[in-house]
1. Being over 15 Å from Leu108 (Cβ atoms) and not in a helix (DSSP H, G or I) is the filter here, so list the residues in the stretch 31-54 that pass it.
2. Do we find that Gly137 is outside any helix (DSSP H, G or I) and of a type outside the set (Asp, Glu) in this structure?
3. So Ala43 fits all but one of (1) under 14 Å from Ile5 (Cα atoms); (2) surrounded by fewer than 16 Cβ atoms within 10 Å (Cβ to Cβ); (3) in contact (Cβ under 8 Å) with a residue 60 or more places away in the chain; what number is the exception?
4. So which residues in the stretch 1-33 are among the charged types (D, E, K, R) and in contact with a Ser or Thr (Cβ under 6 Å, 6 or more places away or on another chain), if there are any at all?
5. Please go through the stretch 81-134 and pick out each residue that is closer than 16 Å to Lys2 by Cβ, in contact with a helix residue (DSSP H, G or I) (Cβ under 8 Å, 6 or more places away or on another chain) and assigned to a loop (DSSP other than H, G, I, E, B).
Amino acid sequence: MKALIQRVSGARVEVAGEVVGAIDRGLLALVAVEPQDDPASVAKLLHKLLNYRIFGDADGKMNLSLGDVGGGLLLISQFTLAADTRNGLRPSFSTAAPPALGAALFELLVEQARLKHAPVACGCFGADMQVHLVNDGPVTFLLEV
């Protein structure tokens, strides 16, 4: 699994003009599922999402996690993040999980996240979504498990 995470001061996702998920300060995670991923991958990624230290402490150093600051987590499925872009001028999606596996593992990630953290919001798997965010920093990392 991969997640492109962005520290945000606020973010929301819309489907057909309707807001389906929103957070204030926290993390926006664009999540890609790959064919080899399984529930253990979900657990590893969730651990990183909740514990990765990218929020500033009293000295302005990145020492605090999402849980430490009580921030929101907005999860967005994004199969294009799994694309193979090494060759040519068109992405190949052979490295992305089939839709059924992607949906199942993304939903597991959302369920597990909601059991361990609040607030958690999400987009709609497979939908055409518009994501709005204010990247704080900017701070952006690619997490791979």
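1. Pro35, Gln36, Tyr52, Arg53, Ile54
2. So Gly137 fits the description; yes.
3. Unmet for Ala43, out of (1) under 14 Å from Ile5 (Cα atoms); (2) surrounded by fewer than 16 Cβ atoms within 10 Å (Cβ to Cβ); (3) in contact (Cβ under 8 Å) with a residue 60 or more places away in the chain: (1).
4. Listed by number, the list holds a single entry, Arg25.
5. Pro91, Phe93, Thr95, Ala96, Ala97, Phe125
Only the coordinates and a few stated rules stand behind these numbers; no lab work does. In this text the structure is predicted, and so the values were computed from the model without any measurement. Note: ideal-geometry Cβ built from the backbone for every residue, glycine included; neighbour counts use all protein chains shown.
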